[in-house]
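For reference, the structure is listed below as structure tokens.
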Amino acid sequence: MATELEKGKATKTAKGLSKEEIAAMKEYLKEKNSKINGESAVLEAIAKMPEPDRSMSKRLHALIKAAAPNLVPRTWYGMPAYSKGDKVVCFFQPASKFKVRYMTLGFSDEANLDEGNIWPVTFALMKFTPAEEAKITALVKRAVG
């Protein structure tokens, strides 16, 4: 039997989750049942973002696609993500999604970023300069390497 959250209804049984987290879960459930092309869904999600998230996301989308053209764009919990097969490799979360100070670029355990016993998998993004763009490009290439 489907839970209330799986039916797309947030109820009091989802105690402890913020409104933003509940909305993200609803997005995830919609995505599972959607037939929308991944690229279209990502571009639609980016278009709905307020500035400066929207322009940063457009640039980040272009960087990821150029660095790893074999990754497939899709949304994941309503956020732009990039997959190899059905596994998300990297994603970004706009600051506005959870009303935080900065956008983040994250990598899943599918990413080849392992370095010793500890390594970062999420990066805060405040603005893009050529130096940040080069770092992002290198991270994405390494992640799919």
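The values are calculated or read from the model by the stated rules, or taken from the named source; none is laboratory data. Since this is a predicted model, take the numbers as computed values, not measurements. Don't worry about glycine lacking a Cβ; one is built from the backbone with ideal geometry, like all the others, and counts go over all protein chains shown.
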- Message: I want to confirm something. Restricting to segment 89-103 and keeping residues that are in contact with an Asp or Glu (Cβ under 7 Å, 6 or more places away or on another chain) and hydrophobic (A, V, I, L, M, F, W, C), which single residue is farthest from GLU44 (Cα to Cα)?
- Response: VAL89
- Note on the structure: Note: among SER57, SER40, just one is within 14 Å of the chain's Cα centre (by Cα) and polar (S, T, N, Q), namely SER57
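Okay, residues lined up against (1) closer than 22 Å to LYS99 by Cα; (2) modelled with pLDDT under 90; (3) of a type in the set (Gly, Ala, Ser):
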{"site": "ALA14", "(1), (2), (3)": "yes, yes, yes"}
{"site": "ILE22", "(1), (2), (3)": "yes, yes, no"}
{"site": "LYS32", "(1), (2), (3)": "no, yes, no"}
{"site": "ILE46", "(1), (2), (3)": "yes, no, no"}
{"site": "MET49", "(1), (2), (3)": "yes, no, no"}
{"site": "ALA62", "(1), (2), (3)": "no, no, yes"}
{"site": "ALA68", "(1), (2), (3)": "no, no, yes"}
